[in-house]
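The values are calculated or read from the model by the stated rules, or taken from the named source; none is laboratory data. The structure presented is a predicted model; accordingly, all values stated were derived computationally and were not measured. Neighbour counts run over all protein chains shown; Cβ positions are idealised from the backbone, glycine included.
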Amino acid sequence: MTDQAPPPSLYAAREPIFPRRVSGSFRNLKWVILAVTLGIYYLVPWIRWDRGPELPNQAVLLDLANRRFYFFWIEIWSHEFYFVAGLLIMAGLGLFLFTSALGRVWCGYACPQTVWTDLFILVERWVEGDRNARLRLHRQAKMDGRKLRLRLTKWVLWLLIAVATGGAWVFYFADAPTLFVDLFTGQAHAVAYITVAILTATTFVFGGFMREQICIYACPWPRIQAAMMDEDTLTVAYREWRGEPRKHSQEAKTQPQGDCIDCMACVNVCPMGIDIRDGQQLECITCALCIDACDDVMERIGKPRGLIDYIALSDEERERAGAEPRAVWKHVFRPRTLLYTALWSGVGVALLVALFIRAEIEMTVAAVRNPTFVTLSDGSIRNTYDIRLRNKNNDERLFRLSLAGDPALRIQLEGTPYGSVDVPADTSLLQRVYVIAPPGSDPAEAARTDLRFWVEDLTNGDRAYKDSSFNGKGDE
């Protein structure tokens, strides 16, 4: 018997990618977005916002302990999570809109994985040099003093960025200056240290070593994007009808030469390590760096820019025939994108309306039905209710509770002989309330009587109500 060859391995080791530095309009746009997004992420927790005494003065704060979300002048309570859900819906619709119009622009410009990977590559280029220098260092088998020094310097800088990333995240959940001191003095909660450690590790590994692997294997968006795109979507592509045959190819010796000189500039600058000339690929994040690289080469050899460009599949036949492509706005403003825009705008307007019409006071009523009612010594029937009063103002308010319904019913607040109660600023108060029906009255004898609880802010007259019911003896 002859030995059979072992089956091919399904695992392929990662080939490191060392993108070459490139300059151009798209690269400049990416630098601007990188600076703005990182600036927002790192600096926002330190912005102060005066909300009055005894309230947090951090502009953006996720106060999980008190189940509150502060965003400048907006305060979201835990029972108002629909605002957060609405924002998530808007984010999803916005992602659909931009993908339908311009392909994976989110992935190429604003995705956190892209932003931090760009930052890590910038540090790597600053320490080890541009593409050729990094390739030589990578292929150097011997770990001499120079290679060790460059590697350690790069890793230390990466680690500092990763620590700052994890540290900035926890500042959104507590007062940033206080937590900053507590972290360095060892007084912070263990959860804070664990969170910083996990985010530091993931940022260091994802941005420094895995890079494009996260986009290809871990992120689901490359698989979803196909459903969001159509033949009118503008995306990064190679004008094969203009570039082929390439000047260095065999076909170019016998046919008219195309504009592509096979310089590999588009491949060398790609952070995903792909060749855009092979057509649309799952790995492409449409960062458009290949456009900058190709345009630079075209200018040098005296050819028109745009061999690689943002183009739509529906324009291919027109361009092959020598006609001009359709105007950009005709690709961007079409039924699908207009529908996404309308949905996105509708959700946004609904959230704004809900935000501006919401009351500064709220109440919830929970009837205590165990027992259903209590018969007092004088024959009166009493029902018990737990009423939660929410004061969304920045100062203490006096709330008065009253009833609407059968005039025979009277209200009594536990712990106070008055019909009003003080509710502290920006908090909620659980108040037990008794509703009593005199003996022989209609509510006392009926099985069920509808009633309405009213709460009034005695400072400004704001009112709110909740409906409930009173249980009497009925047919017992």
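Summary of computed values
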read-out	value
The range 300-320, residues that are aliphatic (A, V, I, L, M) and in contact (Cβ under 8 Å) with a residue 60 or more places away in the chain	307, 308, 311, 312, 313
Number of the condition not met by residue 38 [criteria: (1) loosely packed, with under 12 Cβ neighbours inside 10 Å; (2) more than 30 Å from residue 358 (Cβ to Cβ)]	(1)
Lone unmet requirement of (1) in contact with a Pro (Cβ under 8 Å, 6 or more places away or on another chain); (2) exposed (fewer than 15 other Cβ atoms within 10 Å of the Cβ); (3) under 22 Å from residue 455 (Cα atoms) for residue 378	(3)
Residues satisfying the stated conditions in the range 426-447, i.e. assigned to a helix (DSSP H, G or I) and surrounded by fewer than 20 Cβ atoms within 10 Å (Cβ to Cβ)	442, 445
Long-range neighbours under 9 Å by Cβ, at least six apart or interchain, first residue loosely packed, with under 10 Cβ neighbours inside 10 Å within the range 321-337, second outside any loop (DSSP other than H, G, I, E, B) and not acidic (Asp, Glu)	324/318
Where residue 410 falls short, out of the listed (1) out of contact with any Asp or Glu (no Cβ under 7 Å at 6 or more places or on another chain); (2) of a type in the set (Lys, Arg); (3) within 30 Å of residue 75 (Cα to Cα)	(3)
Residue ranges of helices (runs of 4 or more DSSP H) in the range 183-276 with at least 1 members exposed (fewer than 15 other Cβ atoms within 10 Å of the Cβ) and within 29 Å of the chain's Cα centre (by Cα)	190-205, 221-228
Test: residue in the range 133-147 that is acidic (Asp, Glu), farther than 28 Å from residue 171 by Cα, without any contact (Cβ under 8 Å) to a residue 60 or more places away in the chain and in the same structural domain as residue 30 (by TED's automatic domain parsing)	yes
Flag if residue 385 is touching a residue at least 24 places away in the same chain (Cβ under 8 Å), among the hydroxyl-bearing types (Ser, Thr, Tyr), closer than 27 Å to residue 287 by Cα and outside any helix (DSSP H, G or I)	no
Flag if residue 383 is surrounded by fewer than 13 Cβ atoms within 10 Å (Cβ to Cβ) and closer than 15 Å to residue 432 by Cα	no
When residues of the range 104-141 are limited to those that are in contact with a Leu (Cβ under 8 Å, 6 or more places away or on another chain) and within 17 Å of residue 27 (Cα to Cα), the one surrounded by the most Cβ atoms within 10 Å (Cβ to Cβ)	109
Whichever residue in the range 142-182 is in a loop (DSSP other than H, G, I, E, B) and of a type in the set (A, V, I, L, M, F, W, C) and, among such residues, is surrounded by the fewest Cβ atoms within 10 Å (Cβ to Cβ)	143
